[in-house]
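Below: the structure, in structure tokens.
The values are calculated or read from the model by the stated rules, or taken from the named source; none is laboratory data. Note that the structure is a prediction, hence the values are computed from the model and not measured. FYI the Cβ positions are ideal-geometry reconstructions off the backbone, even for glycines, and counts take in every protein chain you see.
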Amino acid sequence: MTPSLSHTLVRAPVERWRVRRDWLRFSRAVHVTPRPDLALVGTSQEAYFLPETLPQPDWICYCAGIGETIDFELELAERFACEVHAFDPTPRSIEFATPIAQAHSRLHFHPVGLWSEDTEQTFWAPQDQAHVSYSIPNIQHTDMHFTAVCRRISSMMRELGHERIDLLKLNIEGAEYGVFDSLAEDELYPRLILVHMHVLESVSDAISAVRALEARGYVAIHEYRMSVTWLRTEPAPAPDDGR
């Protein structure tokens with residue numbers, strides 16, 4: 001049955017209230033330790049706070065979830081001279097990002113998604129077709145979808161010849177939890193993790209991920225509306241050659 005206009009108008013403020021409630025619960029659960037060198041990198045469409053004294057020209061940055069906004073990645077490549085690898089399998093993102101990356105020597109675009117394994121995944125459309133971000137968990141409960149190749153971070157690192165990642169950005173519509181699991185399993189420790197966390201079944205899932213990151217030595221240095229900058233202040237553990 002199609003919902004009536006009055007039902008839709010009532011549901012909209014209820015949904016906004018739930019979002020604000022989740023934001024509040026999440027922000028209370030994240031223990032932020034601010035730094036004086038935080039700088040906003042990117043534009044109003046997508047930006048993240050990070051310590052501007054940290055990124056170096058030898059840094060390797062993996063940025064997943066581009067959509068049609070690549071200003072953050074461009075600033076990493078141009079302002080900090082980092083080596084930036086951007087990932088997004090969405091057809092509109094591929095069309096948008098490919099020519100931009102081809103024009104920048106330190107920005108590389110890969111038309112695949114990041115996930116917990118090397119596989120094909122179904123990506124579900126947003127409710128508003130003007131939006132570009134599809135999701136593996138189908139967080140907006142729609143019927144339209146496409147299928148695309150996804151890669152585990154450790155697999156991409158082997159393919160690209162990288163022994164480490166210094167910065168990882170995730171804005172991947174709920175798939176971040178699978179990526180977190182793969183990082184823990186592979187004992188990978190990016191120095192910075194910048195993530196926009198999404199609510200799946202409950203905001204408790206996001207809070208559990210916070211606790212898992214803290215247990216791996218990460219400290220939140222900025223949080224706003226479930227976008228968190230995580231810094232690992234300890235050196236990454238040396239690999240166990242006996243495994």
Name the pairs: first residue in the range 77-98 and under 17 Å from TRP115 (Cα atoms) and of a type in the set (A, V, I, L, M, F, W, C), second residue assigned to a helix (DSSP H, G or I) and at pLDDT 95 or above, Cβ to Cβ under 7 Å, at least 6 apart or on different chains? ALA86/GLU73; ALA86/ALA97; ALA86/ALA101
Which numbered condition ASP166 fails, given (1) surrounded by 15 or more Cβ atoms within 10 Å (Cβ to Cβ); (2) modelled with pLDDT of 95 or more; (3) of a type outside the set (Phe, Trp, Tyr); (4) farther than 18 Å from LEU50 by Cβ: (4)
With the requirement that a residue be in contact with a strand residue (DSSP E or B) (Cβ under 7 Å, 6 or more places away or on another chain), of a type outside the set (Asp, Glu) and either within 12 Å of VAL195 (Cβ to Cβ) or assigned to a loop (DSSP other than H, G, I, E, B) (or both), what does the range 149-175 give you? HIS162, ARG164, ILE165, LEU167, LEU168, LYS169, LEU170, ASN171, ILE172, GLY174, ALA175
Among LEU194, LEU183, the single one that is in contact with a helix residue (DSSP H, G or I) (Cβ under 8 Å, 6 or more places away or on another chain) and either in a loop (DSSP other than H, G, I, E, B) or modelled with pLDDT of 95 or more (or both) is LEU183
Scanning the range 137-171 residue by residue, those over 20 Å from TYR189 (Cβ atoms) and in contact with a Ser or Thr (Cβ under 7 Å, 6 or more places away or on another chain) turn out to be HIS145, THR147, CYS150
